[in-house]
């Protein structure tokens, strides 16, 4: 039970990091109909920038905000220099163009920071652990990460539902041609959406930096999970992205922890040791297939896009 609780909390934490990445991705895809494979690079840049700014300022608390702002600025620069020229292209051109950006930025990171992994020191205030139940102590930093990510998710949902910009984002996700016809500067709206998405992904990378190895290409695997999240949750839906991210985080974490033990109830010996890890790596895709079989638009699809 202790292991289950720990892994469930780890799954929620992973899910919230995925939400910070997937929220920007689903907004960009939902509003702009733009496939941005380079979105995971923003997560990597957020982690590297947090390490750099924390080193320059000598403070984790100053390094993370600086990293988020810098990640957003880099995202906006990429939008102006590269991505806006791909909006009117077909999806294949967008995939190829953004994949080229991944290669370029990964090589730029190797040139600037080297190929060896780097780490961000955990702040002293959030080090250590606290007892959650008898026999279970959980790291303070992971609890703080969950709380902060939930707060950001709440603010994002509030902004999308209650602010004028959020209203335009939701309208653009359902009928961007009508939004443009009503006199809204659709280019500026795209820029705002892209900047928010870049900052959220960078913030996720900065939060994860004390927990993971910061290295080139670290965002590639999470990008795949983020795409699974938005497919499960529904393209363009913030609520769907949140619930899909929590579901994917729990299924992935618990599956990798308990799939082999579950398989041993049916198979024994080496067969269970082979089938368990293979099944664990497939579980999120099986969940995605099951959701799409029942609801092809995802759990909470946005209004029909035109």
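Would a scan of the range 257-280 turn up a residue that is in contact (Cβ under 8 Å) with a residue 24 or more places away in the chain, in a helix (DSSP H, G or I) and under 30 Å from residue 160 (Cα atoms)? There is no residue in the range 257-280 that is in contact (Cβ under 8 Å) with a residue 24 or more places away in the chain, in a helix (DSSP H, G or I) and under 30 Å from residue 160 (Cα atoms).
When 53, 4 are screened for being closer than 24 Å to residue 126 by Cβ, touching a helix residue (DSSP H, G or I) at 6+ places or on another chain (Cβ under 9 Å), in contact (Cβ under 8 Å) with a residue 12 or more places away in the chain and part of a helix (DSSP H, G or I), only 53 passes.
Regarding the range 209-232, can at least one residue be identified that is more than 21 Å from residue 38 (Cα to Cα) and buried (at least 21 other Cβ atoms within 10 Å of the Cβ)? Checking the range 209-232: at least one residue is more than 21 Å from residue 38 (Cα to Cα) and buried (at least 21 other Cβ atoms within 10 Å of the Cβ). Taking residue 110, is it surrounded by fewer than 16 Cβ atoms within 10 Å (Cβ to Cβ), out of contact with any strand residue (DSSP E or B) (no Cβ under 8 Å at 6 or more places or on another chain) and either assigned to a helix (DSSP H, G or I) or at pLDDT 85 or above (or both)? In short, yes.
Please find, within the range 119-167, the residue that is surrounded by the most Cβ atoms within 10 Å (Cβ to Cβ) out of those that are in a loop (DSSP other than H, G, I, E, B) and in contact with a helix residue (DSSP H, G or I) (Cβ under 8 Å, 6 or more places away or on another chain). Among residues in the range 119-167 that are in a loop (DSSP other than H, G, I, E, B) and in contact with a helix residue (DSSP H, G or I) (Cβ under 8 Å, 6 or more places away or on another chain), the one surrounded by the most Cβ atoms within 10 Å (Cβ to Cβ) is 120. Residues in the range 251-263 that are farther than 18 Å from residue 6 by Cα and under 24 Å from the mean Cα position of the chain (by Cα): how many? Summing the residues that are farther than 18 Å from residue 6 by Cα and under 24 Å from the mean Cα position of the chain (by Cα) in the range 251-263 gives 0. Any chance the range 91-98 includes a residue that's assigned to a helix (DSSP H, G or I), modelled with pLDDT under 90 and surrounded by 14 or more Cβ atoms within 10 Å (Cβ to Cβ)? The answer is no, given that none of the residues of the range 91-98 is assigned to a helix (DSSP H, G or I), modelled with pLDDT under 90 and surrounded by 14 or more Cβ atoms within 10 Å (Cβ to Cβ).
Looking at 206, 241, just one residue is in contact (Cβ under 8 Å) with a residue 60 or more places away in the chain and farther than 26 Å from residue 171 by Cα, and that residue is 206. The condition (being under 26 Å from residue 144 (Cβ atoms) and either surrounded by fewer than 21 Cβ atoms within 10 Å (Cβ to Cβ) or under 23 Å from the mean Cα position of the chain (by Cα) (or both)) is satisfied by just one residue among 248, 266, 192: 248. Are any residues in the range 95-111 over 25 Å from residue 227 (Cα atoms) and in contact (Cβ under 8 Å) with a residue 24 or more places away in the chain, and if so, which ones? Selection gives 110 alone. Annotation: residue 66 fulfils all but one of (1) more than 26 Å from residue 210 (Cβ to Cβ); (2) under 21 Å from the mean Cα position of the chain (by Cα); (3) surrounded by fewer than 21 Cβ atoms within 10 Å (Cβ to Cβ); the unmet one is (1). Looking only at the range 218-239, filter to residues that are in contact with a helix residue (DSSP H, G or I) (Cβ under 6 Å, 6 or more places away or on another chain) and part of a loop (DSSP other than H, G, I, E, B); which one of those is farthest from residue 107 (Cα to Cα)? Applying the filter and picking the extreme gives 234.
Residues of the range 71-90 that are in a helix (DSSP H, G or I) and over 20 Å from residue 50 (Cα atoms): 79, 80, 81, 83, 84, 85.
This table checks each residue for (1) closer than 20 Å to residue 228 by Cα; (2) at pLDDT 85 or above.
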{"position": "245", "(1), (2)": "yes, yes"}
{"position": "248", "(1), (2)": "yes, yes"}
{"position": "255", "(1), (2)": "yes, yes"}
{"position": "263", "(1), (2)": "no, no"}
{"position": "274", "(1), (2)": "no, no"}
{"position": "279", "(1), (2)": "yes, no"}
{"position": "282", "(1), (2)": "yes, yes"}
{"position": "285", "(1), (2)": "yes, yes"}
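Checked against (1) at pLDDT below 90; (2) closer than 29 Å to residue 53 by Cα, residue 174 passes all but condition (2). Of the numbered criteria (1) out of contact with any strand residue (DSSP E or B) (no Cβ under 8 Å at 6 or more places or on another chain); (2) modelled with pLDDT of 90 or more, the one residue 143 fails is (1).
The values are calculated or read from the model by the stated rules, or taken from the named source; none is laboratory data. Model, not experiment: these values are computed from the prediction. For neighbour counting, all protein chains shown are included, and Cβ atoms are generated from backbone atoms with ideal geometry for every residue, glycine included.
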